[in-house]
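What follows is a set of notes on a single structure, which appears directly below.
The values are calculated or read from the model by the stated rules, or taken from the named source; none is laboratory data. If you're wondering where the values come from, they're calculated on a predicted model, not measured in any experiment. No Cβ is skipped: glycine too gets one built from the backbone with ideal geometry, and neighbour counts run over all protein chains shown. What goes into the accessible areas is simple: the full protein's heavy atoms, side chains included, and nothing from ligands, DNA or RNA. Shrake-Rupley method; radii C 1.70, N 1.55, O 1.52, S 1.80 Å.
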Amino acid sequence: MAEFGFTGIAALVIASSFWVVTARNLVHAAVALMGTLFGVAGLYVYLYADFLAATQVIIYVGGILVLIIFGVMLTQRISSAVLLQTHMPNRPLAGVVVFFLFMGLTSLLFRTPWHEGEQVMPESTVTIIGTSLLTKYLLHFEVASVLLLVALLGAAYLSRREDG
Amino acid sequence: MSNFDSLAYFLPELALTVLIVSLVLASVLLKSDRDRIVWIISLAGLAVTAVLLAIQPATDQSIFMGALAVDPYSRFFKWIFLVATAVIIIASPYTKQLDGSQRHEYYLFLIAVMFGLFLMASSLDLIIVYLSIEIVSIGSFILAGFLKDDPRSNESSLKYVIYGALSSGVMLYGLSLLFGMAGSTNVFEVQAALVVLPEKAHLTLAVALLLILVGFGYKISMVPFHFWTPDVYEGAPTTITAYLSVAPKAAGFALALRILGTAFGSTGDLNIGDWSPVPGLAFGSVIAIFAALTMTVGNFLAIQQNSVKRLLAYSSIAHAGYMLMAAVILNGQAFGAIMFYLAIYLCMNLGAFLVTIFVHNRFGYDEIDDWKGFGFQAPLIAVPMGIFLFSLTGLPPTAGFIGKVYLFSVLIEAGQYWWLALVGILNSVVSLYYYARIIKVMFLDGEPTDETVTGHPVMTGLILMLTVPVLLFGIYWTPLMGAVQSSLKFFTQGM
């Protein structure tokens with residue numbers, strides 16, 4: 001049963017992300033992204049990362065995706081724009097490269113002896129995440145906030161119109 | 001060390017974050033003369049950072065529970081970033097290209113990039129590695145596209161974003177492979193896991209190294225991940241080009257040497273003289289191929305350039321190749337040679353770009369042939385340019401020569417990679433052709449005139465100041481080598 005559920009979620013993630021990159025309409029791509037993000041949240045559930053799954057749904061599906069759709073709709077001309085790249089002379093070669101890359105990386109996945117952590121199911125992951133964010137990963141958290149601040153200021157600078 | 005105690009060792013970085021926030025506030029609150037006041041605040045902030053860095057106790061330990069190292073090695077690079085940022089900030093008000101844009105925000109992003117560079121030089125944790133590279137990248141994207149009305153600046157920024165996003169993604173995949181095999185993001189724990197890896201995993205290890213090299217190689221513009229370099233360098237404001245060609249490159253080397261050297265080293269201890277990679281990894285050969293490719297491609301493309309900015313862009317690729325040569329061996333001597341070269345490269349490359357800015361300010365052109373007779377018009381600027389170019393070529397008696405001798409001697413003493421040293425020497429000969437071409441145009445073409453051109457004294461002063469180390473360390477380099485040697489001390493214990 002669990003195996004079946006996992007296959008279903010994985011198929012959803014792959015199919016919807018395929019749709020995201022092939023969709024010619026930006027709004028369709030944004031909607032397809034929702035399937036991907038939900039699917040990833042499902043994968044987190046399978047990894048016993050319940051808190052992460054909930055945040056994924058709230059932040060990505062509920063927040064970022066809605067923002068993207070708003071952005072697309074409020075930007076003039078872009079919502080009806082057709083994304084179609086016609087000039088791709090390197091396509092066959094790129095296809096060959098990507099195929100071999102895919103096969104190579106997939107075979108690595110199966111032949112590598114991966115590190116195995118402790119196989120215990122924690123009572124609640126929230127405590128663990130909270131503690132690590134305030135101890136071992138405190139600096140990481142703060143540095144990420146500086147990164148976001150810089151990105152925010154930069155976006156504001158680049159998108160602002162300079163007329164006084 | 002616990003997070004609270006770590007703050008005492010994190011003061012320079014804290015000063016930079018305070019500076020970032022105060023620059024944001026100043027930009028919002030000030031009504032008039034914003035560019036000038038923000039400029040003064042930035043320089044004052046840098047001075048405070050320099051003082052805090054100078055009085056920082058000379059220890060080697062890890063702070064924030066193993067996330068960052070405070071050691072002489074990172075401190076050496078932090079001084080390089082400080083000098084580079086200070087020179088660029090001082091020169092910026094005197095750069096005509098930036099007139100009409102909001103300079104006060106430009107300083108803010110420069111400081112933010114510098115904060116990222118500080119973290120790059122001291123990170124011991126794969127997540128911090130990624131975050132610090134991203135801070136530097138995002139800041140650089142904005143700075144490259146800072147001239148919003150100039151389509152070439154827009155193009156430069158966009159190309160930078162696309163290449164940057166791709167290489168970050170590839171690098172993250174490589175880092176995730178490492179994490180998958182080691183189960184930790186701490187470099188010492190990664191190293192401990194990698195040495196005992198069964199033979200089955202060696203291929204994965206090699207793939208992980210290659211993927212991570214994509215990210216690091218992008219930062220130091222290593223061939224074949226260099227495609228963004230000429231376009232970004234050409235389109236970005238020249239001050240930013242100068243900055244990008246020096247500071248993030250030095251940080252890329254600092255980060256790559258520490259992380260690759262530790263995680264992929266057989267002992268994890270960089271302080272021992274001899275270094276060997278973890279079993280099953282042909283580390284030296286991989287780097288050797290990249291080094292040979294990088295310098296050859298950089299030099300041969302530089303020959304064909306007519307724009308001084310593009311020429312310097314390609315030549316900066318070639319210089320990354322020279323430094324990579326020493327990274328093949330990665331013993332103490334190699335670390336010293338790379339750090340020594342970076343310190344000199346900082347002076348000569350910044351100097352050459354400042355002269356380019358000077359010429360652009362005065363005449364508004366950038367093609368080599370337009371520099372005709374410049375040697376007669378502005379000898380005070382053209383002679384330093386000649387010195388920078390000779391030093392970039394590696395001719396005695398300049399510091400560039402000494403730097404190259406150290407780089408080559410690493411390879412020759414190791415014996416095994418003599419072919420790479422040969423490639424390097426041939427490349428230096430090739431580079432003489434295009435560097436000497438600028439000198440020839442400046443001094444031999446064109447008519448002598450009595451008309452002399454002067455620029456702003458600040459620019460002239462900066463250029464002359466940068467020639468001092470280039471000449472001095474060419475004749476008497478013991479002090480610099482001494483500083484490098486005493487900086488060759490790494491934090492090496494886990495946690």
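If only residues of segment B:206-220 that are touching a helix residue (DSSP H, G or I) at 6+ places or on another chain (Cβ under 6 Å), among the aliphatic types (A, V, I, L, M) and more than 13 Å from chain A (Cβ to nearest Cβ) are counted, the one that is farthest from residue B:252 (Cα to Cα) is B:212. One residue alone among B:115, B:109 is within 8 Å of chain A (Cβ to nearest Cβ) and within 22 Å of residue B:235 (Cα to Cα), and that residue is B:109.
Among the residues of segment B:241-294, just one is within 22 Å of the chain's Cα centre (by Cα) and part of a loop (DSSP other than H, G, I, E, B), namely B:270. Among the residues making up segment A:112-141, those that are under 27 Å from residue B:135 (Cβ atoms), open to solvent by 40 Å² or more (accessible area, probe 1.4 Å), within 22 Å of the chain's Cα centre (by Cα) and not aromatic (Phe, Trp, Tyr) are A:129, A:133. All conditions in (1) under 29 Å from residue A:112 (Cβ atoms); (2) of a type outside the set (Gly, Ala, Ser); (3) open to solvent by 50 Å² or more (accessible area, probe 1.4 Å) hold for residue B:125, with the sole exception of (3). The criterion of being surrounded by fewer than 21 Cβ atoms within 10 Å (Cβ to Cβ), touching a residue at least 60 places away in the same chain (Cβ under 8 Å) and within 30 Å of residue B:493 (Cβ to Cβ) does not hold for residue B:114.
Which one of B:159, B:96 is open to solvent by 40 Å² or more (accessible area, probe 1.4 Å) and touching a Phe, Trp or Tyr at 6+ places or on another chain (Cβ under 9 Å)? So that I can check it myself, show each step before the final result.
Numbers: B:96 fails: touching a Phe, Trp or Tyr at 6+ places or on another chain (Cβ under 9 Å).
The unique qualifying residue is B:159.
When residue A:117 is tested against the conditions (1) modelled with pLDDT of 85 or more; (2) within 14 Å of chain B (Cβ to nearest Cβ), the lone failure is (1).
So, of the residues in segment B:148-205 that are of a type in the set (Lys, Arg) and closer than 18 Å to residue B:138 by Cβ, which turns out to be nearest to the other protein chains (Cβ to nearest Cβ)?
To start, the set of residues in segment B:148-205 that are of a type in the set (Lys, Arg) comprises B:148, B:152, B:159, B:200.
Imposing the further condition that a residue be closer than 18 Å to residue B:138 by Cβ reduces the set to B:148, B:159.
Working: B:148: 7, B:159: 15 Å.
Of everything passing the filter in segment B:148-205, B:148 is nearest to the other protein chains (Cβ to nearest Cβ).
Do we find a residue being open to solvent by 40 Å² or more (accessible area, probe 1.4 Å) and closer than 18 Å to residue B:404 by Cβ anywhere in segment B:365-384? No, segment B:365-384 contains no residue that is open to solvent by 40 Å² or more (accessible area, probe 1.4 Å) and closer than 18 Å to residue B:404 by Cβ.
Among the residues of segment B:118-134, those identified as facing chain A (nearest Cβ under 9 Å) and either of a type in the set (Asp, Glu) or not in a helix (DSSP H, G or I) (or both) are B:125, B:134. Here B:203, B:197, B:255, B:209 are screened, and the one residue that is open to solvent by less than 10 Å² (accessible area, probe 1.4 Å) and over 18 Å from residue B:116 (Cβ atoms) is B:209.
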